[in-house]
Amino acid sequence: MIPLNDPERPAEFDRQMMFRCLELARRALGKTAPNPLVGCVIVRDNMIVGEGFHPGAGQPHAEVFALRDAGERAVGATVYVNLEPCNHYGRTPPCTEALIQAKVAKVVVGMIDPNPLVAGQGIERLKQAGIEVIVGVEQDACQLLNEGFVHRILHHQPLGILKYAMTLDGKIATTTGHSAWITSPTARQQVHQLRVACDAVIVGGNTVRRDNPHLTTHQAGEPNPLRVVMSRKLDLPLEANLWDITAANTLVLTTKDADPDCQEQLQKKGVEVVALSPLTPATVMNHLYDRQFLNVLWECGGTLAAQAIAEGVIQKIWAFIAPKIIGGETAPSPVGDLGFTQMNEALTLKRVTLHSIGSDYLIEGYLSSPSD
Ligand SMILES: NC(=O)c1ccc[n+]([C@@H]2O[C@H](COP(=O)([O-])OP(=O)(O)OC[C@H]3O[C@@H](n4cnc5c(N)ncnc54)[C@H](OP(=O)(O)O)[C@@H]3O)[C@@H](O)[C@H]2O)c1
Ligand SMILES: [Zn+2]
């Protein structure tokens, strides 16, 4: 049992417990798709008596682990959980019933589950059973942790994140296509960490030919996203870091009749090859939705990035900016042609934040969608 500091300030106490739920939930980062990240803390007499998190699809939910941990001490206790407890039979029985059976007194919920199968019904069920329920503690932090899950449920597509690294003069490579490295090792480490939270990372054929990237998290014990290459021509090198599937799995998405020899060679190396018709950012995201993914990172060059934006599959931007100038009239920039001619057509980011990372900066923001 862990004693806690400040039972005299209940709101502050609730916030601390919700942050603890988020911390526990993050232990399964990158491993839960299509399920959300959920952590749960059980408190009695101002002591934490049980903790748990959801490790992944098909496994028990966070509340069940926390209740097991608390045992009899759950009676009359307060349960903190970052997402509304489920009230339906999925792969596991409803958590609402487990909480009622355990005779808890109060449940503090971070955010309502957007899943129409839950959406407020979990809270209603708990209230009906005489349990006190509080909703919305640290709601923004809870929404942020599960933004991919929420987007998937509401829009039937994974959340698309476009990440790029550019110089201060807006170039993502030199005029010869050389781009290693624009940012410092600290910023690149940050990218490795961002990849942990993503289920897939996408590049186009040109990036494979020019950069020969690894696209892994470079971290022992952390999950790697599925590495996805979009290539129409399949004019790809037969030796490349992405074809070493001992590091992480790779999927090449192409068109039906593209170079059968190359397809066969890649398959022999253990690379999965799938033909999509047509091959576009939107059909790729539909395919990755069907594979149950929540967060998809686009680490492509400007041509593909522009198409992905134009087709509405990018919701979030991670732009790394290095205080360097490379120049070059034909050096590529992060986003190719969007067909805009007037400045008032520019896409404006919302909820923009700026982070200083080593000698570089990260600007993070969200693209507005027509439904916003
Ligand atoms: N600094 C950075 O953050 C960063 C990140 C990535 C890339 N880069 C640089 O960007 C340059 C490559 O830029 P790029 O724009 O050519 O990037 P890309 O990521 O290779 O995307 C373009 C490629 O995507 C494939 N593709 C498949 N379907 C497509 C579709 N529907 N629409 C468009 N493309 C489709 C094509 O491959 P096939 O030709 O094989 O058919 C096409 O050549 C390189 O110099 C690289 O160093 C920089
Ligand atoms: Zn549940």
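Brief remarks on what is shown
- Within region 327-346, not a single residue is of a type in the set (Phe, Trp, Tyr), in a helix (DSSP H, G or I) and more than 16 Å from ligand 2 (Cβ to nearest atom).
- Hey, residue 250 in contact with a Ser or Thr (Cβ under 8 Å, 6 or more places away or on another chain), within 16 Å of ligand 1 (Cβ to nearest atom) and at pLDDT 95 or above or not: no
- Residue satisfying all of: in region 236-271; of a type in the set (Asp, Glu) and surrounded by 13 or more Cβ atoms within 10 Å (Cβ to Cβ); farthest from ligand 2 (Cβ to nearest atom) among these: 259
- Residue in region 172-184 that is free of Cβ contacts under 8 Å to residues at least 40 places away in the same chain and in contact with a strand residue (DSSP E or B) (Cβ under 9 Å, 6 or more places away or on another chain) present: yes
- Number of positions in region 96-143 that are at positive phi, under 31 Å from the mean Cα position of the chain (by Cα) and at pLDDT 95 or above: 2
- Considering region 216-235, the residues that are in a strand (DSSP E or B) and out of contact with any Gly (no Cβ under 8 Å at 6 or more places or on another chain) include one that is farthest from ligand 1 (Cβ to nearest atom), namely 226.
- Pick from region 104-126, criterion over 22 Å from residue 70 (Cβ atoms) and not in a loop (DSSP other than H, G, I, E, B), ranking: farthest from ligand 1 (Cβ to nearest atom): 124
- Number of positions in region 325-360 that are touching a Leu at 6+ places or on another chain (Cβ under 6 Å) and touching a residue at least 24 places away in the same chain (Cβ under 8 Å): 2
- Top-ranked residue in region 61-91 [being modelled with pLDDT of 95 or more and farther than 11 Å from residue 42 by Cβ; ranked as nearest to ligand 2 (Cβ to nearest atom)]: 61
The values are calculated or read from the model by the stated rules, or taken from the named source; none is laboratory data. None of the values given here were measured: they were computed from a predicted structure. Heads up, the Cβs are rebuilt from the backbone with ideal geometry, glycines too, and the neighbour counts pull from every protein chain shown.
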